[in-house]
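First up is the structure itself, then whatever we jot down about it.
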Amino acid sequence: MATSKNGGEWTGDSRFFIVNYQTGGILDLMRFVLSGNSDKFLHYSDGVTGVPRGGGHPDHRWVIFVSIIVRKIIAIFGKPMEWFGYLLEFILNLLSLNGNFFGLFYNILHGNVVMPQRGSEMFISAIGHLDGRIDLYKSETLTKEIGEPDFWQKNIQLGIGHRALMDLCMMASKLAYENAKVVQNVVNIHWKMHFVDFYNCWNDFEKEMSTQVFILCDKPKDADLIVISFRGTEPFDADDWITDFDYSWYEIPKLGKVHMGFLEALGLGSRAKASTFHEQLFMNNQNFAKLENDATIAPSESSESSTMFSDSDAHSVSDQSPESDRPTDTGSKKFKLDMPERTAYYVVRSKLKRLLNEHKNAKFDVTGHSLGGALAILFPTILVLHEEMNVMERLLGIYTYGQPRVGNRQLGRFMEAHLEHPVPKYFRVVYSNDLVPRLPYDNKTFLFKHFGICQYYNSLYVEQNVDEEPNRNYFGLRFLIPLYLNAGWELIRSFAMGHMYGAEYEECWESVVLRVLGLFLPGISAHSPVDYVNSVRLGTERSTQMSSFRNTFVTK
């Protein structure tokens, strides 16, 4: 085992680079900016080049400085953010359950106030209040079309992803922010599909069960479509935002450099001991692959020191309570992982393989918004690494919305070889000035790069397929004025959306408030799911090649 600079360790040929914002104070940060003294903040393995120490370029140090200072500020306000979010969601649900302000006042006078119950099927997240749309849009024939042999060829000729499928994936990405009972209710009742399960999984960076994902099928038997949706960055979760602004990476041999925080969110290692990435990616995979073939494996059992995994590590919503999402042990054969709780990658992979075996004609789709988008592209990436080609052959597509960068150019080339032939399967949707797709920073030091087809929508919802969204790093004075002018336009537009496009596009007061905040932080307000749903449903290509298709999709 080789030793890293500054006391870390690593295994085999793998390398890593960690930007730690917690191990130094403001004076240490000033010394780093002025002299490049990185001992307090940077930890990296032998052989890592381009580290901005003493002789490093000041621009490189400045980027790390911004990352560290932003994460320090977010960490300081972490608890207040959490408390504010808890209070805000309670108030929003209190208002909605009682008919908003006047209804609540009336119910108070008559002693009939309906109190919100967190975790119930009526308790909606802050994201859900920003965009209250639930029903899918013009997708009645989606699964029928997927079964047609020329399904993908039609979309290649149009040069876009399938609109109805894009809408389903965006709505599923938005739905992932809700609790399990809300998800089940929407999938089964509103979408007339089949809810499979909802998982709370271990995130080693956050040291808690904070990675959420749910799975649905288009029907309970002989399904044609399976959708896996990862939850994204929660607006009042400081750790989620800290992960988005992180620049740490771990290099997987033959694959490339991968964002360390996103690997941790999938449960594939811990920066506290870098060798765990190798152990989780390779050693545990070999043992777990053998276990997945055993149909007698029991549901999982969690303890303080270990995790019991199963092929059916699926706890039904009916068995959950708001206080506990952990399943109980009902069998004898278990597999113990080194991670302290269940991990998203192995749980989802195991369940997916069982579903594909059960539904012989089904294909699967992976999706997510924000951080969820990063996990959505990394999940099939690790499937390829583990040579799960039988699973990958049944991949229908990957749709991400407002997704941050997940790795370097090598990773992109590796995955493009598997996702672009014979037809494109990866579509990365970006709306206007959304800050998150511009993270982490893309320069010669960090080498974070996007890959795949970027479907970029400007603030008029005009779509353009590009290699990279404009203003890819979100910095520079020449972009400053257009950013704020655009935020002002989006605020004005929010009052007219209902008149322009119909009642379902009318923006609620919560969304308008976010638009106001966008006058100060335009990149944050542009990250709202409201604009991503609108982009998919209202988007028009810069050329006219898709007009005939859009007419069939949009016409009411």
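The values are calculated or read from the model by the stated rules, or taken from the named source; none is laboratory data. Predicted, not measured: the structure shown is a model, and the values here were computed from it. For neighbour counting, all protein chains shown are included, and Cβ atoms are generated from backbone atoms with ideal geometry for every residue, glycine included. Accessible surface is based on the protein model in full, side chains and every heavy atom, while ligands, DNA and RNA are left aside. Shrake-Rupley method; radii C 1.70, N 1.55, O 1.52, S 1.80 Å.
Rounded, prolate or oblate: which one fits segment 366-437, using the alpha carbon gyration tensor with axes a ≥ b ≥ c (rounded when a/c is under 1.5, else prolate when a/b beats b/c, else oblate)?
In terms of gyration-tensor shape, prolate.
Please work out the FRET efficiency for the pair GLN117 and TYR501, using the Cβ-Cβ distance as r and a Förster radius of 30 Å; give the result to the nearest 0.05. Intermediate values should be presented prior to the final figure.
Details: r = 34 Å, r/R0 = 1.15.
The value I calculate is 0.30.
Suppose R0 equals 22 Å; then what is the FRET efficiency for MET392 and LYS219 from their Cβ-Cβ distance, rounded to the nearest 0.05?
Efficiency for this residue pair is about 0.40.
Say R0 is 41 Å: what FRET efficiency, to the nearest 0.05, do TRP509 and ASP467 get from their beta-carbon distance?
0.60
With respect to the cross-link table entries LYS72/LYS207; LYS192/LYS221; LYS219/LYS353; LYS181/LYS425; LYS219/LYS363, which display a Cα-Cα separation exceeding 20 Å?
LYS181/LYS425
I'd like the distance separating the alpha-carbon centroids of segment 375-439 and segment 206-224, in whole Å.
18 Å
For TYR86 and PHE520 in one chain, what is 0.36 nm times their gap in residues minus the Cα-Cα distance, to one decimal in nm?
Extending this stretch completely gives an extra 153.9 nm.
Provide the gained length on full extension for the span HIS190 to ARG493, in nm with one decimal, where the gain is 0.36 nm per separating residue minus the Cα-Cα distance.
The span from HIS190 to ARG493 would gain 106.2 nm if fully extended.
Give me a comma-separated list of calculated 3J(HN,Hα) values for segment 248-264, in order, Karplus coefficients 6.51, -1.76, 1.60 applied at θ = phi - 60°, integers in Hz, x for any Gly or Pro.
In residue order, the calculated couplings are 6, 9, 10, 9, 9, x, 6, 9, x, 8, 10, 4, 5, x, 6, 4, 5 Hz.
Let me cross-check TRP202: its accessible surface, 1.4 Å probe, with only protein heavy atoms counted, in Å² to the nearest 10?
30 Å²
Just the accessible area per residue of segment 397-503, please: how many Å² with a 1.4 Å probe?
With all protein chains present, segment 397-503 gives 41 Å² per residue.
Quick check for me: using +1 on Lys/Arg Cβ and -1 on Asp/Glu Cβ, what's the dipole size of segment 209-280 about its Cα centre, in debye to the nearest 20?
On the way: 7 positive and 12 negative charges, 59 e Å.
The calculation lands at about 280 debye.
5 Å is the cut-off here: which amide hydrogens, built 1.01 Å from N in the peptide plane, fall below it relative to SER210, excluding neighbours closer than 5 in sequence?
Residues meeting the amide H criterion: CYS201, ASN203.
Using a 1.4 Å probe, how large is the accessible area of ASP467, given in Å² and rounded to the nearest 10?
Accessible area, nearest 10 Å²: 140 Å².
Using each residue's phi in segment 214-224, evaluate 6.51 cos²θ - 1.76 cosθ + 1.60 at θ = phi - 60° and report the 3J(HN,Hα) Karplus result to the nearest Hz, with x for Gly and Pro.
With the stated coefficients, segment 214-224 comes to 10, 10, 9, 10, 5, 7, x, 10, 6, 5, 9 Hz.
Quick check: pseudo-label points 7 Å beyond the Cα along Cα→Cβ at ASP46 and ILE73, how many nm apart are they?
Taking the two extended label points, one gets 4.0 nm.
Amide H of GLU463: which non-local residues (sequence gap of 5 or more, or other chain) have their own amide H closer than 5 Å, using H built in the peptide plane?
THR540, GLU541, ARG542
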